[in-house]
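Read the structure below first, then the notes.
The values are calculated or read from the model by the stated rules, or taken from the named source; none is laboratory data. The model shown is predicted, which means the values in this text are computed figures rather than measured ones. Here the Cβ is made from the backbone with ideal geometry for all residues, glycine too, and neighbour counts use every protein chain on show.
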Amino acid sequence: MTRGPRRILAVALPEHLPKPEDDQLVWIQFALTFDGYAEKGTQEICAAFANAARDRWEEAGTLPAGLSDLRAALFYEQRRWRWSDEAPFTERQWRYWRSLVDAIRHALFSQDKLPVCEIEPQVCRPSNARLAKNVTTGETLEPSPMERTIDLFSETDAHGGSRHVWLRLTKKGELILEGQDLGGAAPKLFGPSEYEWAWTLAPERLSAFLESLGLEACLSAGLLVSVTEALNKLERTKIQKVFEDAGAKFWNRIGD
């Protein structure tokens, strides 16, 4: 289900967050102050993202790293609860909700010096190809019409490291899976605290790649959204393997 344009405020104040002693209804109401469908583009993409986020938390204790991703995950948990019997949270549900809100609180304190930006999703735009307006200066930044980018996922690990992964479709028709690992295990493995990498798929290999994901060829405007939804249904360890099997070229860089 595709939703039309809607203005959302991508920030919140710490005092807006529910407290441990608050009633369950307070937590539910806070989750609804952010529209995860608008953030991710469609209900289906939001569901795939949120389901994968919850699975990773249960298996490895990791959570998304970005504030918008955390709020989208929390929003979808409210929808999941709404579609069930709307019963009191189980202990398992409380643990996950509290973990998400604690991570949101940490993200808010980490970003308290950033300018407040209003983000207005646009119809047929990928999730991070959005109009961003600085409330202070009024400056509006438009994404390049020649190239499209969409966030795939962001997460943190138990060691405090973070991984950010995104897709980029170039004006030449190349589909690129890019990632950045910061902190955590990276210094132990590589020495410096930053590791960047990319898999570049040539245009002539795109049809076979889409077929391997069970997708049909589509216009560039919808390609990134379709690929993002399909990749988020895979295990994290299999995403790069799909690009490798499709003949994508690998590049990496290690450094601070």
Check whether at least one residue in region 142-163 is among the small types (Gly, Ala, Ser), at pLDDT below 50, out of contact with any Gly (no Cβ under 6 Å at 6 or more places or on another chain) and part of a loop (DSSP other than H, G, I, E, B), and report yes or no.
yes
Out of all the residues in region 60-72, which are part of a helix (DSSP H, G or I) and surrounded by fewer than 23 Cβ atoms within 10 Å (Cβ to Cβ)?
Ala60, Leu67, Ser68
Taking region 176-205 and keeping residues touching an Asp or Glu at 6+ places or on another chain (Cβ under 8 Å), charged (D, E, K, R) and either at pLDDT below 85 or part of a helix (DSSP H, G or I) (or both) leaves Asp181, Glu194
Considering each of Trp27, Trp57 in turn, give the residue that is modelled with pLDDT under 90, over 14 Å from the mean Cα position of the chain (by Cα), among the aromatic types (Phe, Trp, Tyr) and surrounded by 15 or more Cβ atoms within 10 Å (Cβ to Cβ).
Trp57
Against the definition (part of a loop (DSSP other than H, G, I, E, B) and either modelled with pLDDT of 85 or more or in the same structural domain as Asp151 (by TED's automatic domain parsing) (or both)), how does Phe75 come out, yes or no?
no
Considering region 209-226 alone, what residues qualify as being modelled with pLDDT under 90, hydrophobic (A, V, I, L, M, F, W, C) and not in a loop (DSSP other than H, G, I, E, B)?
Ala221, Leu223, Leu224, Val225
